[in-house]
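The values are calculated or read from the model by the stated rules, or taken from the named source; none is laboratory data. Given the structure is predicted, the values throughout are model-derived calculations rather than measurements. Glycine gets a Cβ as well: all are built from the backbone with ideal geometry, and neighbour counts include every protein chain shown.
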Amino acid sequence: MLELKAVSRHFGGVRAVDGLDLTVNEGEIVGLIGPNGSGKSTTVNLIAGLFPLTAGEIVFRKQPLRDVPVHGRLKLGIARTFQSIRLFGQLSVWQNLWVAQNSPEDRSRRGFFARWLGGQTQVREEIAQLLEFSALGHKQNELAANLSFGEQRRLELARALAARPKLLLLDEPAAGMNAEEIGQLRQRIVDLRAKGITVVLIEHVMELVMGVTDRIAVLNFGQKIAEGTPAQVQSDPAVKKAYLGGS
């Protein structure tokens, strides 16, 4: 589904990502881990189109992405969440989901106004399903800014899903969550795979990464130093030295 071929992104003399090769197969949950500053978020930003490539190629479903803008990648089916929550704080939960929808009727002026006036039954049904999935139905009329941190995290995930992604990029979705919320997040990620969504997960909560992923790639100083199943990565000496604190 997704191929990164010798991908690099340099900021002046800093090689944030340096010759990265990575393949994500359809239906997988792939983890991307590494120390702070190892290039994980830069990699996601390159896939999503926020940063241009310095070198290399990214291919999504056999289509090169180099010249595809951010909104074009969304239309292709690539959505993401952010480390720092970026909700529309002065819109309600329901409105945050409404504005994020990526359906064919959104692409015409007539469709936009029909949705704004509540004329699209399908849109309302999809939002209702997202509210149920994120356990936010009882907060649908609450301003996003008034939600608790965990609720905002759930809304950010639901908003990404409103775009109907085929590939979902999750950038530290468990940051700031308690153990119960992380357990619920783990189940939601598993449920997403069951719905046919492929997931790339950046996360520092190792229990979540090791418990939910099919495969993990480990970055250090912008380069991939290991890749394999969670068990293989945990036992890799290079990973222990660079990330898990071993020697």
**Fill in**
All conditions in (1) in a loop (DSSP other than H, G, I, E, B); (2) within 15 Å of the chain's Cα centre (by Cα); (3) not acidic (Asp, Glu) are true of Arg73 except (1)
**Request:** Would you mention how many residues in region 77-96 are surrounded by fewer than 16 Cβ atoms within 10 Å (Cβ to Cβ) and in a helix (DSSP H, G or I)?
**Result:** 0
**Fill in**
Per the filter on region 12-46, residues farther than 18 Å from Lys166 by Cβ and of a type in the set (Gly, Ala, Ser) are Gly12, Gly13, Ala16, Gly19, Gly31, Gly34, Gly37, Ser38, Gly39, Ser41
**Message:** more than 23 Å from Ile127 (Cα to Cα), within 16 Å of the chain's Cα centre (by Cα) and aromatic (Phe, Trp, Tyr): is that true of Phe60 in this structure?
**Reply:** yes
**Prompt:** What single numbered condition from (1) at pLDDT 95 or above; (2) in a helix (DSSP H, G or I); (3) under 19 Å from Asn25 (Cα atoms) fails to hold for Val233?
**Reply:** (1)
**Prompt:** Only one residue in Leu201, Leu185, Leu192, Leu168 is free of Cβ contacts under 8 Å to residues at least 60 places away in the same chain and either in contact with a Cys (Cβ under 8 Å, 6 or more places away or on another chain) or closer than 23 Å to Leu22 by Cα (or both). Which one?
**Reply:** Leu192
**Prompt:** So which of Glu181, Glu207, Glu227 ends up being in a helix (DSSP H, G or I), crowded, with 16+ Cβ neighbours inside 10 Å, acidic (Asp, Glu) and more than 15 Å from the chain's Cα centre (by Cα)?
**Reply:** Glu181
**Condition met for Ala162 (within 16 Å of Gly31 (Cβ to Cβ), at pLDDT below 95 and aliphatic (A, V, I, L, M))** = no
**Request:** Only residues that are in contact with a helix residue (DSSP H, G or I) (Cβ under 8 Å, 6 or more places away or on another chain) and under 16 Å from Thr42 (Cα atoms): list them for region 54-85, please.
**Result:** Ile58, Leu65, Val70, Ile78, Ala79, Arg80, Thr81, Phe82, Gln83
**Asked** Could you list, in sequence order, the residues of region 26-68 that are among the β-branched types (Val, Ile, Thr) and either assigned to a strand (DSSP E or B) or in contact with a Ser or Thr (Cβ under 8 Å, 6 or more places away or on another chain) (or both)?
**Response** Ile29, Val30, Ile33, Thr54, Ile58, Val59
**Prompt:** Within region 91-110, can one find any residue that is modelled with pLDDT of 90 or more, within 15 Å of Ala79 (Cβ to Cβ) and out of contact with any His (no Cβ under 8 Å at 6 or more places or on another chain)?
**Reply:** yes
**Message:** Filter region 147-179 down to the residues that are touching a Gly at 6+ places or on another chain (Cβ under 9 Å) and farther than 21 Å from Glu126 by Cβ and list them by number.
**Reply:** Phe149, Gly150, Gly176, Met177, Asn178
**Message:** Looking at region 145-159 only, could you name the residues that are crowded, with 23+ Cβ neighbours inside 10 Å and not charged (D, E, K, R)?
**Reply:** Leu155, Ala158
